1. When only alpha-carbon atoms count, how far does the range 1-115 stretch along each of its three principal axes, as whole angstroms with the largest first?
2. Could you tell me the distance between the Cα centroids of the range 16-61 and the range 73-119, to the nearest Å?
3. Trypsin sites (Lys or Arg not before Pro) within the range 52-123: which are DSSP loop residues with at most 11 other Cβ atoms inside 10 Å?
4. Students often forget the sequence filter, so: which lysines lie under 27 Å Cα-Cα from LYS75 once same-chain residues fewer than 8 apart are removed?
5. Could you go through the range 64-75 in sequence order and give the Karplus-derived ³J(HN,Hα) for each residue, using 6.51 cos²θ - 1.76 cosθ + 1.60 with θ = phi - 60°, rounded to whole Hz, and x for Gly and Pro?
6. Give the dimensionless ratio obtained when the Cα radius of gyration of the range 50-108 is divided by 2.2 N^0.38 Å.
7. Putting +1 on Lys and Arg Cβ atoms and -1 on Asp and Glu Cβ atoms, find which of VAL121, VAL2, ASN83 reaches farthest to the positive end of the dipole of the chain.
Amino acid sequence: QVQLVESGGGLVQAGGSLRLSCVASGRTFSSYTLGWFRQAPGKERGFVAAITSGDSTYYADSVKGRFTISRDNAKNTVYLQMNSLKPEDTAVYYCAAKQGSIWNSQPVKYGSWGQGTQVTVSS
């Protein structure tokens, strides 16, 4: 298990950008698959993006072309660059980690979670 701490959320106007960061503890960060999920009020937590230990990336259709996930193993950090933000992107964003190199869009497959960071996009 790793400990995860997100940062970078905030309030932004529609069309704007934010970059979320998630710093992990532990010496085996590079072997984990990392994901970003989000949860809006009254909705289930949903998949946003994932990056495997081999740097393959996967995105939800709703963010494809606007969001970019990346990782810096030297800094034990995963990023989510969010561009062209829309009001419907408003949610609490969580980073998560799972052991191994196989990505998954199901939250239950991820064993470690951060505390979440709020992203609010105004129209």
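None of the figures in this text is laboratory data; all of them are computed from the coordinates on show. For clarity, every value in this text was computed on a predicted model and none was experimentally measured. Backbone-built Cβ (ideal geometry, glycine too); neighbour counts: all protein chains shown.
1. Its Cα atoms span 38, 27, 24 Å along the three principal axes.
2. Cα centroid of the range 16-61 versus Cα centroid of the range 73-119: 2 Å apart.
3. The qualifying sites are LYS64.
4. List returned: LYS64, LYS98, LYS109.
5. Karplus-based 3J(HN,Hα) across the range 64-75 equals 4, x, 10, 10, 9, 9, 8, 9, 10, 5, 5, 9 Hz.
6. Taking N as the residue count of the range 50-108, the ratio is 1.16.
7. The Cα lying farthest towards the positive end belongs to VAL2.
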